[in-house]
Amino acid sequence: MADAPRPTLRCPICRRVAAEATRPFCSERCAQVDLGRWLTESYAIPAAPPEQTED
């Protein structure tokens, strides 16, 4: 049975076609840009502030 071809994946940084060696990125440079964004906390998941309860 033959392996199914992988779908074309786009780099989340520059939108070029991803390379197998650096998947999901197109290059090592884009992977480093993404890591830098995580380390400087540029990416954040929005959350509601915790509810205040009176004791």
Discussion item. Taking amide H atoms as placed 1.01 Å from N in the peptide plane, list the residues 5 or more away in sequence, or in a different chain, whose amide H sits under 5 Å from that of Arg10.
Written reply: Ala18
Worksheet item: Which entry is the computed volume of the Cα convex hull per residue in Å³ for this structure: (i) 50; (ii) 164; (iii) 70?
Response: (ii)
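Throughout, read-outs are computed from the coordinates displayed, never taken from laboratory work. Bear in mind that the values here come from a model prediction, so they are computed numbers and not experimental data.
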